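Please read the structure below before turning to the comments.
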Amino acid sequence: MSKPAEGRRRVVIEGVKPEIDSGRFPVKRIVGDNLIVEADVFADGHDQVEAKLLYKRENERDWHTVPMKPLGNDRWRGAFPVLEQGRYIYTVSGRVDHFGTWQSDLKKRIEADQNVTVDLKNGANLLAETAKLAKGPDRAKLLEWARLIVDEGSSAKQGTLAMDPGIAELVAQYPNDKLTTRYEKELVVTVDREKARFSSWYEFFPRSSSPVPGRHGTFSDCEAHLPYVVELGFDVVYFPPIHPIGQSFRKGKNNSVLAEPGDVGSPWAIGSELGGHTAIHPQLGTLAEFRSLLEKAALLGLEVALDIAFQCAPDHPWVTRHPGWFRKRADGSIQYAENPPKKYQDIYPLDFETSDWVSLWDGLRDVFLYWIGEGVKIFRVDNPHTKAFPFWEWVIPEIKSAHPDVLFLAEAFTRPRVMQRLAKLGFTQSYTYFSWRNTKEELTEYLTELTATDVKEYFGPNLWPNTPDILPEPLQSGGRPAFAARLILAATLGASYGIYGAAYELQESTPFKPGGEEYLNSEKYELKHWDIEAPESLGSLISQVNGIRKAHRALQSNERLTFHPTDNPYLICYSKATANGESVIVTAVNLDPVNTQSGWVTLDLPAIFQPADTTYQVEDLLTGSVYSWYGARNYLQLSPAALPAHILLLPSGGQTIASSKNGK
């Protein structure tokens, strides 16, 4: 092994966090956050060490530096604010602090009443060496200090002068970079706007928005529906694909392979002679009407998220214009989508191993850019795990370099490593396994993984209790209590969540077949007319829960999620709190949709900012009831027939919540 370029660098830097896959991928933060960085920084021997955190915007030339503070056992911590969208670079440096070591040793010798004449001269030499690196007044000041601490006079006076913290502060400004160790990697943090962390999604099919049963909905109908979405408290309205739908092999109702006259087909079978991924289904309206819809949404405080599904109906213009983008079978025909034994003849997947991959990538990027140009800044991407990872690693940073406010939601219900890889590659948010986590143990384990392990550094969970593809078994059998419980779980466990709109409000619960998760008479294949004014609607509860989310900052982040043990397996209890304890919410949910469940919860008092052995009041934000709790152990009782959950506001800083209501 050859000698290093500079063998006098004695400091070691390792164990840097956050760092994803040895720096291969960026971590993620939100505008206004502080990125907290820790590292092990140490050297041989007993000399003191100084550690610094270095950071800059990606396009900046000069680094900013922040001193890191020792945590003990050679661990150091520093932080810097990320104030703009885009990418920041950060790393860590360390050096032996010769002057700090000298001051520390001098103090010990003076306290031991030793002769420090030579030691003072050593300090003067260190100051003189540092002065060579300084300029102007600082150089003069360092040289003057060097002279004063060795001048004739009392050693006590000279020692006091040498220990002046101002000297150390000035010396620290002029390190000998030749002897400073820089961590070998420059790490990246991607910074997104607030909606990347906190958002409430509402999905509905524009074609089902007509107030007249049986008539195809339009963008104008969607506009008229938007105030209702706002009334429910959502801030993102998500549309399935709005493009022309293919005629060839069009699916009929309930996914029938034979379409009847008048069947509208699946919106995910994209493309016809009328256009492809940048065209609009003519029955929905015109581009001008879509622009009007976006403007109306913005005025109401809503953002529109579009579905991007990179697949083509046989009628799609790309099939004839770019035949090389599709895989051929042995007989020369194009390979349609399959998941054997299932066949999807109405969809042609794209071939990411095509020799024409460069033009394919550019064409797909241009789809995003087209809709961004029309004002869309959020995309829900259909099945991104069936497209090549290198494409996503290129296209997302490519787009965000020019449009840093664009957000991407990955609809990838697949293996954990694949979902995590997509998040690392740049997807802002991701669907999760929440739909299939039902027991207390499952929910606790899974949400702990998402919020308290390294996964939290790059994976943005978006919790959905249902989608047009997924009707989970608990919703099939649990009735209204199950829908209410799953809504509250999703909305309070996750800072971002969504529902498949009216189907959830009206508790659509009939599967296509027993044991399956497809809806009977699925909206994916037919027009639906939803009676949102129906008395059984969950709309008022949804509106109330979303209002609570907006009013309490504890629910607007996935940080500081804490699960609290209960002695009943059907009762789950957890809390969220802001870092300063100003906002503290405890949620308890009965996971049994049939029976009243009761039991005792043992609260982690520091996590909820409550002192031990103290009585405090908690207010149920769902009912307005106030309860007196004492210490850590408290009683819960929840009836699914009434309301299967508490969302409890706790006092901040030990304050008592004022209320005129009687508690229990």
Would you please give the residues with an amide H less than 5 Å from that of Leu302, counting only those at least 5 places away or on a separate chain, with H modeled from the backbone geometry? none
Protein chains only, probe 1.4 Å: how do Asp33, Asp469, Asp567, Asp307 rank by accessible area, largest first? Asp567, Asp469, Asp33, Asp307
With all protein chains present and a 1.4 Å probe, the order of Asp177, Asp263 from largest accessible area down is Asp177, Asp263
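Based on the alpha-carbon set only, what is the convex hull volume of the range 489-540 divided per residue, in Å³?
Details: hull volume 5.8 nm³, N = 52.
Residue-normalised Cα hull volume stands at 112 Å³.
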Size of charge dipole - the range 513-664 - debye, nearest 20, with Cβ of Lys, Arg +1 and Asp, Glu -1, no other charges: 360 debye
Amide H contacts of Ser496 (H built 1.01 Å from N, under 5 Å, at least 5 apart or other chain): Ser199, Leu463
Pairwise label distance in nanometres, Ser292 with Arg321, each label 7 Å out on the Cα-Cβ vector: 2.8 nm
Whole-Hz Karplus ³J(HN,Hα) for the range 577-590, in order, using 6.51 cos²θ - 1.76 cosθ + 1.60 and θ = phi - 60°, x for Gly and Pro? 8, 6, 4, 9, x, 6, 10, 9, 10, 10, 10, 10, 10, 8
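Sort Glu223, Glu445 by accessible area with a 1.4 Å probe, largest first.
Solvent-accessible surface, decreasing: Glu445, Glu223.
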Between Glu84 and Ala128, how high is the FRET efficiency from 1/(1 + (r/R0)^6) when r is the Cβ-Cβ distance and R₀ = 56 Å? Nearest 0.05. 0.85
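Pairs to check: Lys524/Lys550; Lys185/Lys424; Lys28/Lys195; Lys195/Lys524; Lys377/Lys400; Lys253/Lys328. Give those whose C-alpha atoms are more than 21 Å from each other in this structure.
Lys524/Lys550; Lys195/Lys524; Lys253/Lys328
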How high is the FRET efficiency from Met1 to Asn521, r the C-beta distance, R0 56 Å, rounded to 0.05? 0.20
Please report the relative contact order for the range 52-167, taking Cα pairs under 8 Å with a sequence separation of at least 6, and give it as a percent rounded to a whole number. 19 percent
For the range 248-305, what is the largest minus smallest coordinate of the Cα atoms on each principal axis, given in angstrom and ordered from greatest to least? 43, 24, 17
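How large is the dipole of the range 202-303 about the Cα centre if only Lys and Arg carry +1 and Asp and Glu carry -1, each at its Cβ, rounded to the nearest 20 debye?
320 debye
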Any lysines whose Cα falls less than 23 Å from that of Lys108, other than same-chain ones fewer than 8 residues away, would be Lys69, Lys121, Lys157
At a probe size of 1.4 Å, how large is the accessible area of Arg553, to the nearest 10 Å²? 150 Å²
Assuming 0.36 nm per residue, please report the length gained on full extension of the stretch Glu533 to Tyr433 beyond their Cα-Cα distance. 32.9 nm
Pop the C-beta distance of Leu299 and Val212 into the FRET formula with R0 = 30 Å and round what comes out to the nearest 0.05. 0.75
Spin-label pair Ala388/Tyr635, simplified geometry with 7 Å Cα→Cβ offset, distance in nm: 6.5 nm
Expressed as a whole-number percentage, the relative contact order of the range 429-540 with C-alpha contacts under 8 angstrom and at least six residues apart is 26 percent
Dipole axis of the range 162-293 (+1 Lys, Arg; -1 Asp, Glu on Cβ), positive-most option in Val229, Gly275, Gln173: Gly275
Whole-Hz Karplus ³J(HN,Hα) for the range 228-238, in order, using 6.51 cos²θ - 1.76 cosθ + 1.60 and θ = phi - 60°, x for Gly and Pro? 5, 4, 5, 4, 6, x, 8, 10, 10, 10, 10
Kirkwood Rh and Cα Rg combined as Rg over Rh, evaluated for the range 25-136: 1.10
How big is the convex hull of the Cα atoms of the range 147-229, per residue, in Å³? 234 Å³
Would you mind computing, in nm to one decimal, how far apart the modelled labels at Glu442 and Thr614 are, each placed 7 Å from Cα along Cα→Cβ? 3.9 nm
With +1 assigned to the C-beta of every Lys and Arg and -1 to the C-beta of every Asp and Glu, and no other charges, what is the dipole magnitude of the range 1-149 about the Cα centre in debye, to the nearest 20? 360 debye
Report the gain in length on full extension from Lys185 to Glu353: 0.36 nm times residue separation, minus Cα-Cα distance, nm rounded to one decimal. 57.3 nm
Can you give the Rg to Rh ratio of the range 429-500, both from alpha-carbon atoms, with Rh computed by the Kirkwood formula? 0.96
So how much accessible area does Leu126 have, in Å² to the nearest 10, using a 1.4 Å probe? 50 Å²
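For the range 506-555, give the percent of accessible area contributed by carbon and sulfur heavy atoms, probe 1.4 Å, rounded to a whole number. Kindly include the intermediate steps, with their values, before the conclusion.
Working: 1220 of 2440 Å².
Roughly 50 percent of what the probe reaches on the range 506-555 is carbon or sulfur.
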Angle check, please: helix 416-425 long axis (alpha carbons) against the longest principal axis of the chain (alpha carbons), in degrees 0 to 90, nearest 10. 70 degrees
Compare the Cα positions of Leu447, Val395, Tyr431 along the charge dipole of the range 384-473 (+1 at Cβ of Lys, Arg; -1 at Cβ of Asp, Glu; about the Cα centre) and return the one farthest towards the positive end. Val395
Work out, step by step, the length gained on full extension between Ala140 and Asp62: first 0.36 nm times the residue separation, then minus their alpha carbon distance; give nm to one decimal. 25.5 nm
Placing +1 on each Lys and Arg Cβ and -1 on each Asp and Glu Cβ in the range 20-129, then taking the dipole about the Cα centre, the residue among Ile20, Asn125, Met68 whose Cα reaches farthest towards the positive end is Ile20
Given q = 0.05, 0.07, 0.08, 0.11 Å⁻¹, what are the Debye log10 I(q)/I(0) values for the chain, with equal point scatterers placed on the Cα positions and solvent ignored? -0.33, -0.59, -0.73, -1.13
For the range 49-131, which whole-number percentage of the solvent-accessible area (1.4 Å probe, protein heavy atoms only) is attributable to carbon and sulfur atoms? 46 percent
Working from the alpha-carbon coordinates of the range 293-347, get Rg over Rh, Rh being the Kirkwood radius. 1.23
Whose amide H sits under 5 Å from the amide H of Leu407, counting only residues 5 or more places off or on another chain, with H placed in the peptide plane? Ile378, Phe379
Per residue Cα convex hull volume in Å³ - calculated over the range 365-465: 101 Å³
The answer for the chain, accessible area per residue at 1.4 Å probe in Å², is 45 Å²
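The values are calculated or read from the model by the stated rules, or taken from the named source; none is laboratory data. Quantities reported herein were computed from a predicted structural model and do not represent experimental measurements. Here the Cβ is made from the backbone with ideal geometry for all residues, glycine too, and neighbour counts use every protein chain on show. For accessibility, only protein heavy atoms count, side chains too; no ligands or nucleic acids. Shrake-Rupley method; radii C 1.70, N 1.55, O 1.52, S 1.80 Å.
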